[in-house]
Amino acid sequence: MTLSRHHQHDMANYLFAQGQHTEALGAYERLAEAYPKDAHAPSVRLMVALIAADYLNDPVRAKQALVGLEPQLTEDHERELARRLLADLA
């Protein structure tokens, strides 16, 4: 089940903050799938990649989230994180 964009994002953030990384990953993935045109969608995909790579040791899932993502990110620190994740996964 996917909530409204705002509530889904809050739920994903809450789960991540609570250390429930598997559940957070699912919540972020549902958010990205349900709202792909949202202005925050690239940041959400970055969170998917971060959790998959750094918390769940799932490099395949992380790479899938990172494909074509860097040009869509608007913040320097997000682009830097995307580059770091890609380098770590290489």
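The values are calculated or read from the model by the stated rules, or taken from the named source; none is laboratory data. It should be emphasised that the depicted structure is a prediction, and the values quoted were computed from it without experimental measurement. As a convention, Cβ positions derive from the backbone with ideal geometry for all residues, glycine included, and neighbour counts pool all protein chains shown.
Checking residue 22 against (1) surrounded by fewer than 15 Cβ atoms within 10 Å (Cβ to Cβ); (2) within 16 Å of residue 58 (Cβ to Cβ); (3) without any contact (Cβ under 8 Å) to a residue 24 or more places away in the chain; (4) among the hydroxyl-bearing types (Ser, Thr, Tyr), which single condition isn't satisfied?
The number of the failed condition is (3).
Any chance you could count how many residues in the range 32-49 are of a type outside the set (D, E, K, R), more than 26 Å from residue 87 (Cβ to Cβ) and surrounded by 13 or more Cβ atoms within 10 Å (Cβ to Cβ)?
Qualifying residue count for the region: 2.
Looking only at the range 50-89, count how many residues are surrounded by 15 or more Cβ atoms within 10 Å (Cβ to Cβ), touching a Pro at 6+ places or on another chain (Cβ under 7 Å) and part of a helix (DSSP H, G or I).
Total satisfying the criteria: 1.
Pairs only if they're at least six apart or on different chains, beta carbon under 6 angstrom, first in the range 66-90 and under 11 Å from residue 45 (Cα atoms) and touching a residue at least 60 places away in the same chain (Cβ under 8 Å), second among the aromatic types (Phe, Trp, Tyr) and surrounded by 17 or more Cβ atoms within 10 Å (Cβ to Cβ); list them, first residue then second.
Short answer, once both residue conditions are applied: none.
Step by step: first the residues of the range 69-90, then only those that are at pLDDT 95 or above and small (Gly, Ala, Ser), then the one that is farthest from residue 21 (Cα to Cα). Which residue is that?
87
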